[in-house]
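Here, each number is a calculation from the coordinates, and none is a lab measurement. Model, not experiment: these values are computed from the prediction. Positions of Cβ are generated from backbone atoms using ideal geometry, with glycine treated the same way; all protein chains shown enter the neighbour counts.
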Amino acid sequence: MTGDGNWTWLCPGRVSTLVDAGTGLPEHLDAVAQALDGAHLAQVLVTHAHTDHASGAPALAARFPGVRFRKMPWPGRDERWPVLWDPIVPDELVQAGDSSLRAVHTPGHAPDHLCFWHEETRRLLCGDLAQRTNTIYIPANLRGDLIDYMASLERVRALRPAQLLPAHGPVIDDPEALLQRYVNHRRQRERQVMEALRDGLTDPPAIVTRMYPSLSGDLVKLAEEGVLAQLVKLVREGRARRDGDAWHIMEP
């Protein structure tokens, strides 16, 4: 799910800032120390509280005493990573390096997901909002929300970023084209789910078998989460209904 692993982004300067905490691997801690070149790490901004982005906080706290950890709160989950979390509020301007980053609330992949916008360069540190090599997983059972995610894509498109700096995969130099592909992809998946409901399929496993016939193992469970997110969206929009474990289309 994370491709070649995680990117974390260091903003050196007066307020040396690391965006995302990683997972606490010793080689990551060494790489951060090398990049700091003797400077003090002032703060870590975490895009969201999923394990691959937040679980490295305790290791960073031990390696860099006095570092401050900041993120948008996710009560009940932030406590998994025992550091003192200072809250960030949407649209807050956060000093980072020798400049500032604006916190842009972009829920969908996670309810607390933030991107960080550097207006001078029109670069967006986008966490798990987007990546070049794959679409984004919306975990319905972990408070992922497809309606929120689609709105977040439009919020970012309105910024007209020049680059997206993701947490996984290469830098995205064509943000508008990629984000439009994301929108088109979600609309296509929605049409496929609607067609499956019309044909009498009533649960995520059956719909996944139809939509992704070649999947196996853990990928099937991930696909079921994605289909569930689509179904929940349709119910909230009044285009489907849920009766126990069965989902049905609401035809006009």
Output the antiparallel fraction of DSSP beta bridges having both residues in the chain, as a percent to the nearest 5.
60
In deg cm²/dmol, rounded to 500, what helix-only [θ] at 222 nm does the chain give when every DSSP H run of at least 4 residues adds -39500 (n - 2.57) and the total is split over its residues?
-11000 deg cm²/dmol
Report D for region 122-226 in µm² per second (integer): Stokes-Einstein, Kirkwood Rh on Cα pairs, 37 °C, 0.692 mPa s.
219
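Where a ≥ b ≥ c are the square roots of the eigenvalues of the C-alpha gyration tensor, would you call region 1-127 rounded, which needs a/c under 1.5, or, failing that, prolate if a/b is larger than b/c, or oblate? Can you show the working numbers first?
Numbers: a/c = 1.38, a/b = 1.07, b/c = 1.30.
It is rounded, given that a/c, with a ≥ b ≥ c, falls under 1.5.
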So what's the gap between the Cα centers of region 164-236 and region 69-115, to the nearest angstrom?
27
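Check each of the trypsin sites (Lys or Arg not before Pro) in region 78-140 and keep only those in coil by DSSP with at most 15 other C-beta atoms within 10 angstrom; list them in order. Show your work: numbers first, answer last.
Working: sites: Arg80, Arg102, Arg122, Arg123, Arg132; in loops: Arg122, Arg132.
Counting only loop positions with at most 15 other Cβ atoms within 10 Å, the trypsin sites (Lys or Arg not before Pro) in region 78-140 are Arg122, Arg132.
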Using only the Cα atoms of the chain, what do you get for the radius of gyration and for Dmax, in Å?
19.4, 65
Using Cβ contacts closer than 10 Å as the measure, can you line up Leu231, Leu222, Leu93, Leu60 from fewest to most?
Leu93, Leu222, Leu60, Leu231
Log entry: pair-distance distribution for region 190-252, C-alpha pairs binned every 5 Å from zero, whole % per bin is 4, 20, 33, 24, 13, 5, 1, 0
